[in-house]
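Trainee: What follows is a single structure, and I will ask about it in a moment.
The values are calculated or read from the model by the stated rules, or taken from the named source; none is laboratory data. Since we're looking at a predicted model, the values are computed, not measured. Backbone-built Cβ (ideal geometry, glycine too); neighbour counts: all protein chains shown. Heavy atoms of the whole protein, side chains included, go into the accessibility calculation; ligands, DNA and RNA do not. Shrake-Rupley method; radii C 1.70, N 1.55, O 1.52, S 1.80 Å.
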Amino acid sequence: MKITGYELFQVPPRWLFLKIMTDEGIIGWGEPVIEGKAATVAAAVKELMEGLMGKDPHRIEDHWNMMYRSGFYRGGPILMSAIAGIDQALWDIKGKYFEAPVYELLGGACRDLIRVYSWIGGDRPADVGIAAREAVESGFTAVKMNGTEELQIIDSYEKVDQAIERIAAVREAVGPYIGIGIDFHGRVHKPMAKILAKELEVFRPMFIEEPVLSENNEALREIAQATSIPIATGERMYSRWDYKQLFNDGYVDIIQPDLSHAGGITECKKIISMAEAYDVAAAPHCPLGPIALAACLQVDATCHNAFIQEQSLGIHYNEGSDLLDYIVEKNVFEYKDGYVKIPNGHGLGIELDEEHVRKLSSVGHNWKNPVWRHKDGSIAEW
């Protein structure tokens, strides 16, 4: 079998889909994208695919190493996202060829279902109590929300109190045992993160996410010493080499590699297995489309330390198009009692509605994240 061609589809709300074709008629789908940089990643995919044309798609490990190691400059969000989408598509082809779900080719499943959580509240969290109650009423046992708006390196206790008020409203709405993930989104710097982490303990969150930017991971030491809340990070880390120091330092409890950003199925399986050796849990990052989620679930199925999965159904970014719009069998991602079954179809386990993909790619998108500024005019972390 040989790779004969590929196509890229930039589809709303903010996704990029990749289709790889073979001479045996088997196709594979991947989702290589950086939110806000879809066209840049598409250019990287085109460059990388030049080295795969005419090659046997089964040699995934070799192709991964060729794409990663043959570049003198490597790593980072753009190149690793391009590799990720290609890798997902190659695994999809391999699973379809052997008529098995990808998890069977990775050693078989260690679970049948995985817990999922629902996003609430938007970029500037509001009405979170009502949204949390609605999520729980629809069957979710965990929610995640942005904890704050923008914060200066040193900011006011007024903003701390506002964050506490929002999270208190969620806890009151859902009761004592629903999981609450609080995403600091890298908006918070070390001084304020220490204050918030300590103040939020009373609400018993499931985790605090990205309490500082990943380039400031050395600050996790002080934050971990200030709180007993589990600390999660990793959505802006792109390879096992990025994670190496994080594991050695020992201050993170949950990693969140993104299967469309961190080298795909091949790399994220390795990262999550590394985490298991450090007794660190995994909750893969996935505010993206159906291909990315399907890839996550295939890896979740094989990783003992995966405990919950992010998914984007109804997330505030999905304006006009949502997770289920692009797939034929909508019930493949049926959420029940806070869990989703691992898809057991061949390859990634989903069937794309290619006609709809083509139709919406003619619409396309140019999604960009908002640019925030502080009152003094300086750029704020979004």
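Trainee: Being aliphatic (A, V, I, L, M) and closer than 16 Å to GLU199 by Cβ: is that true of VAL160 here?
Mentor: Yes; evaluated as a whole, the condition is true for this residue.
Trainee: Can I ask one more? Could you list, in sequence order, the residues of segment 134-151 that are in a strand (DSSP E or B) and either of a type in the set (D, E, K, R) or surrounded by fewer than 19 Cβ atoms within 10 Å (Cβ to Cβ) (or both)?
Mentor: LYS144
Trainee: Listed residues GLY314, GLY377; which is open to solvent by 20 Å² or more (accessible area, probe 1.4 Å), at pLDDT below 95 and at positive phi?
Mentor: GLY314
Trainee: Which members of segment 23-35 meet the condition of being assigned to a strand (DSSP E or B) and either open to solvent by less than 10 Å² (accessible area, probe 1.4 Å) or under 16 Å from ILE83 (Cα atoms) (or both)?
Mentor: Result: GLY28, TRP29, GLY30.
Trainee: Next up: Which of the residues spanning segment 43-55 are within 13 Å of LEU79 (Cβ to Cβ), out of contact with any helix residue (DSSP H, G or I) (no Cβ under 7 Å at 6 or more places or on another chain) and among the small types (Gly, Ala, Ser)?
Mentor: Hit for segment 43-55 is ALA43, nothing else.
Trainee: Could you please find all residues in segment 175-199 being assigned to a helix (DSSP H, G or I) and either hydroxyl-bearing (Ser, Thr, Tyr) or surrounded by fewer than 22 Cβ atoms within 10 Å (Cβ to Cβ) (or both)?
Mentor: LYS190, PRO191, LYS194, ILE195, LYS198, GLU199
Trainee: Can you tell me how many residues within segment 67-106 are farther than 24 Å from ILE342 by Cβ, without any contact (Cβ under 8 Å) to a residue 60 or more places away in the chain and in contact with a Lys or Arg (Cβ under 8 Å, 6 or more places away or on another chain)?
Mentor: Counting residues in segment 67-106 that are farther than 24 Å from ILE342 by Cβ, without any contact (Cβ under 8 Å) to a residue 60 or more places away in the chain and in contact with a Lys or Arg (Cβ under 8 Å, 6 or more places away or on another chain) gives 1.
Trainee: Inside segment 268-313, can you point out the residues that are of a type in the set (Lys, Arg) and in contact (Cβ under 8 Å) with a residue 40 or more places away in the chain?
Mentor: Result: LYS269, single match.
Trainee: Among the residues of segment 314-343, write down those that are more than 21 Å from SER361 (Cα to Cα), without any contact (Cβ under 8 Å) to a residue 40 or more places away in the chain and assigned to a helix (DSSP H, G or I).
Mentor: ASN331, VAL332, listed by residue number.
Trainee: While we're looking at this one, here's another question. Within segment 58-101, can you find the residues that are of a type in the set (S, T, N, Q) and either assigned to a helix (DSSP H, G or I) or under 17 Å from LYS269 (Cβ atoms) (or both)?
Mentor: Once the filter is applied, which keeps residues that are of a type in the set (S, T, N, Q) and either assigned to a helix (DSSP H, G or I) or under 17 Å from LYS269 (Cβ atoms) (or both), segment 58-101 yields ASN65, SER81, GLN88.
Trainee: Looking at the structure I just gave you, is GLN152 polar (S, T, N, Q), under 22 Å from VAL371 (Cβ atoms) and touching a residue at least 24 places away in the same chain (Cβ under 8 Å)?
Mentor: Yes: the conditions hold for GLN152.
Trainee: Could you check ALA295 against (1) touching a Leu at 6+ places or on another chain (Cβ under 7 Å); (2) open to solvent by 30 Å² or more (accessible area, probe 1.4 Å); (3) small (Gly, Ala, Ser) and say which number it fails?
Mentor: Failed condition: (2).
Trainee: Could you identify the single residue in ASP325, ASP300, ASP337 that is crowded, with 21+ Cβ neighbours inside 10 Å and of a type in the set (Asp, Glu)?
Mentor: Residue meeting the stated conditions: ASP300.
Trainee: I would also like to ask the following. Filter segment 78-118 down to the residues that are touching a Ser or Thr at 6+ places or on another chain (Cβ under 7 Å), closer than 30 Å to ILE180 by Cα and surrounded by fewer than 24 Cβ atoms within 10 Å (Cβ to Cβ) and list them by number.
Mentor: ALA109, CYS110, ARG115
Trainee: Could you grab me the full set of residues in segment 344-367 that are in contact with a strand residue (DSSP E or B) (Cβ under 9 Å, 6 or more places away or on another chain), more than 12 Å from SER321 (Cβ to Cβ) and part of a helix (DSSP H, G or I)?
Mentor: Residues satisfying the conditions are GLU354, ARG358.
Trainee: Next question, about the same structure. Which of the residues spanning segment 120-133 are open to solvent by 30 Å² or more (accessible area, probe 1.4 Å) and either among the hydrophobic types (A, V, I, L, M, F, W, C) or without any contact (Cβ under 8 Å) to a residue 24 or more places away in the chain (or both)?
Mentor: Correct list: ALA126, ASP127, ILE130.
Trainee: Could I ask something else about it? Do the conditions hold for VAL363, that is, is it open to solvent by 20 Å² or more (accessible area, probe 1.4 Å), aliphatic (A, V, I, L, M) and either free of Cβ contacts under 8 Å to residues at least 40 places away in the same chain or out of contact with any Leu (no Cβ under 6 Å at 6 or more places or on another chain) (or both)?
Mentor: yes
Trainee: Just the residues that are free of Cβ contacts under 8 Å to residues at least 40 places away in the same chain and in contact with a His (Cβ under 9 Å, 6 or more places away or on another chain), please, taken from segment 239-257.
Mentor: The one that is free of Cβ contacts under 8 Å to residues at least 40 places away in the same chain and in contact with a His (Cβ under 9 Å, 6 or more places away or on another chain): PRO257.
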